[in-house]
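The values are calculated or read from the model by the stated rules, or taken from the named source; none is laboratory data. Since we're looking at a predicted model, the values are computed, not measured. Cβ coordinates were reconstructed from backbone atoms using ideal geometry, including for glycine residues, and neighbour counts include every protein chain displayed.
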Amino acid sequence: MAKRSGKPDSIGGYFRTLFRSKPELLQQKKNDEILAHYRRDKGMSENEVIEKRIINNLANVKSVERKNYRKKGRKAAVSAGAPNVVERPRVPRNLEALEIMIDEAMMLSRSIDRELLEPIWRQLRAARNQVVMMMG
């Protein structure tokens, strides 16, 4: 059976379109503001009780949208103006080769004269660690 994804006449579709139009709502811990939107849009009073199935649907859609937000690409989030999203710098492809070369230089420096070349070995080790951090 096919899934209904994002159809505005469904409960999940309503919340999906709400989260996609206002991604900042995904960051909130409590659902009070989201439920206030729902009440307003459906013509309900502020004190009217919302069915448990609607609250459960809200929680499920919010969870899936958070997951998609994290997965998809923060690139899409950055273009949408989402808060607290930092783009990672582009990493050159040949960092692994650089790491191997630094490792070889470290081994060579230790085999030549361990005590004399200790400061160089430490600098090489720091450089290698930085390369490893860049690779992720």
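List of remarks:
- Members of segment 92-110 that are touching a residue at least 12 places away in the same chain (Cβ under 8 Å) and not acidic (Asp, Glu): Leu95, Leu98, Ile102, Ala105, Met106, Ser109
- Criterion: modelled with pLDDT of 90 or more and closer than 30 Å to Leu18 by Cβ - qualifying residue of Asn68, Asn129, Asn60: Asn60
- Among residues of segment 20-34, those that are in contact with a helix residue (DSSP H, G or I) (Cβ under 8 Å, 6 or more places away or on another chain) and surrounded by fewer than 16 Cβ atoms within 10 Å (Cβ to Cβ), counted: 3
- All conditions but one from (1) assigned by TED's automatic domain parsing to the domain that holds Val131; (2) at pLDDT 90 or above apply to Arg110; the one that does not is (2).
- In segment 31-65, the residues that are within 20 Å of the chain's Cα centre (by Cα) and over 19 Å from Ser10 (Cβ atoms): none
- Where a residue in segment 111-133 is closer than 17 Å to Leu98 by Cβ and its partner, wherever it lies, is among the β-branched types (Val, Ile, Thr) and in a helix (DSSP H, G or I), with Cβ under 6 Å and at least six apart: Leu124/Ile102; Ala127/Ile102; Arg128/Ile102
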